[in-house]
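The values are calculated or read from the model by the stated rules, or taken from the named source; none is laboratory data. Here the structure is a predicted model, which means the values were calculated and not measured. FYI the Cβ positions are ideal-geometry reconstructions off the backbone, even for glycines, and counts take in every protein chain you see.
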Amino acid sequence: MSLKRNILDLRKRKEEVLQGGGEKAIEKQVKMGKLTARERVRAILDEDSFHEYDLFVEHVARDFNMEGKVLHGDGVITGTGTIYGRPVCIFAQDFTVAGGSLGLMHARKITKIMDHALKMRVPLIGINDSGGARIQEGVNSLAGYGEIFYRNTMASGVIPQISVILGPCAGGAVYSPALTDFVFVVENISKMFITGPSVIKTVLGEEISMEELGGARVHAETTGNAHFYAMSEMECFDQIKKLLTYIPWNNSKKAEAFPPQEPSGEFKIEDIVPSDPKLPYDIRHIIQSITDGSEFFEVMENFAPNIVIGFGRMDGNTVGFVANQPKVLAGVLDCDSSDKAARFIRYCDAFNIPIVTLEDLPGYLPGVDQEHAGVIRHGAKILYAYSEATVPKITVIIRKAYGGGYIAMNSRHMRADFVFAWPTAEIAVMGPEGAANIVFRKEIMEAEDPEAMRQQKIQEYKEKFANPYVAAAKGYIDEVIEPEQTRNMLLHALAVSENKEDRGPAKKHGVPPF
Ligand code: HXC
């Protein structure tokens, strides 16, 4: 065959494969409000930067009428491209081909691009739109998922792994994302479950819609499986690109530095916290009053909102913020907020991102529900994560720092590098009311006017302990600062910590309370 005919033959073959699951299946995809797999990849990557590999891979199944069946690309698209000029590896499951289900060769395409991403130390983006293990391929599909899960785990903490859920994802198609760093979902389009409604109907006889079982909102608000929630696929892709501006390309690098900016001036730090310590405020305004350009990119905004986590920049460099939110449940720590913060702390630590902790909480949430849900085990995760982290760790105590909350929120005793406190800080074993009721119970009961005595004892306790000076006298905090000084103190502390080196004892790995 002449070169020209060879080229024509190649083009014809490519054209066929690029049809995916064919016109009808694509029509169905579009009707569901979904982009096709290749459209998605192109929308995320820089224009014309996508290079697709393994286009001609074919499935090898023989059972259940699979012999001779054509599944273009075996239902997944893999390749490399760039985002803001920097290389990434990417795969996108093609639901138009056998529901994006994962057979042996489909899995091999994914594991090949995963290996590439790990070797090249670049982020991996996985777009999941799949009915899970391909039923006709039996154990080969399960083996494929096992190989993916193993690689997700090996790449964890080395390269950023981003999962996008853009369709009904079942079984293995949700466990791989669960092992990755950030999961993105889109209203009406994303569904995640281990067993779908049909299995539930068969096994339990219960009817439930896919949306109720595992829609985008369920995972963004209730389960905490999703980190980012968008109203459309395009909004979701913008979120992914924005996230990538805040994080480094791998664990040996720092996040890219941006030109430093002053905060916008929209939020005046001295006006945010009400003078009545019982009144709530939005901790995000404090963050925005100190970050460059007052920008804050919140992570898991809708899950466990009693703690706020996310990225901002200070002097052009990425900082991870962990902050109690007095607006929700007074900012207490509970099972979910501990899980949320602990994982974020570990992410920042793995990827060289300094952590700034803003503290205002009355402690761990009391109650039978929390105790039985395992608040001891979950709450321990945040202690573990802060203690273990060796990136620069700086704390600002704004108001309440009571009991276990004081210790947990990156106290000096968890090896914070710098701890600052506002003069409004109250550092004590518990709130003055609770403390007075317990410690002075006898005096209060026996007093002529028990209520007056109670108030007197509360006041006494407040004066003695509910301030930052007892902790400052012991060196547990480094400096009591005025609110307006917060940004400058943090900038200085971050600059001083730039070359921080800290190592724990040699070990294979710890055993965190997962
Ligand atoms: C083979 C599959 C498939 C699968 C979907 N398809 N899932 N083929 N194996 N797992 C095929 C369908 O047969 C159909 O083919 C096409 O994909 C589109 O699927 P529909 O059912 O028409 O689409 P929809 O109504 O949108 O429903 C999507 C769905 C549903 C919710 C994902 O297909 C479903 O429940 N699939 C099975 C989910 C599941 O239980 N998977 C196994 C998980 S176990 P045609 O030819 O008709 O177009 C697993 C093991 C790993 O993953 C566990 C790890 C721990």
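Tabulated results
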read-out	value
In region 103-113, the residues that are in contact with a strand residue (DSSP E or B) (Cβ under 6 Å, 6 or more places away or on another chain) and over 16 Å from His51 (Cβ atoms)	His106, Ile110
Which numbered condition Val70 fails, given (1) aliphatic (A, V, I, L, M); (2) crowded, with 23+ Cβ neighbours inside 10 Å; (3) without any contact (Cβ under 8 Å) to a residue 60 or more places away in the chain; (4) not in a helix (DSSP H, G or I)	(2)
Subset of region 359-412 [more than 21 Å from Lys474 (Cα to Cα), modelled with pLDDT of 95 or more and assigned to a strand (DSSP E or B)]	Leu361
Every residue from region 176-201 that is more than 10 Å from the ligand (Cβ to nearest atom) and under 14 Å from Glu221 (Cα atoms)	Val183, Phe184, Val185, Val186, Glu187, Ser190, Met192
Whichever residue in region 113-152 is of a type in the set (D, E, K, R) and assigned to a loop (DSSP other than H, G, I, E, B) and, among such residues, is farthest from the ligand (Cβ to nearest atom)	Arg121
Residues of region 221-279 that turn out to be assigned to a loop (DSSP other than H, G, I, E, B), closer than 20 Å to Asn302 by Cα, small (Gly, Ala, Ser) and within 18 Å of the chain's Cα centre (by Cα), as a count	2
Number of the condition not met by Gly205 [criteria: (1) in contact with a helix residue (DSSP H, G or I) (Cβ under 9 Å, 6 or more places away or on another chain); (2) away from the ligand (no atom under 11 Å from the Cβ); (3) on the phi > 0 side of the Ramachandran plot]	(1)
Matching residues, region 29-57, being closer than 16 Å to Ile110 by Cβ and within 16 Å of the ligand (Cβ to nearest atom)	Ala37
Unmet requirement for Glu23, which otherwise passes all of (1) out of contact with any helix residue (DSSP H, G or I) (no Cβ under 8 Å at 6 or more places or on another chain); (2) more than 16 Å from the ligand (Cβ to nearest atom); (3) farther than 21 Å from Ile165 by Cα; (4) not basic (Lys, Arg)	(2)
Total residues in region 471-483, condition part of a helix (DSSP H, G or I) and within 36 Å of the chain's Cα centre (by Cα)	4
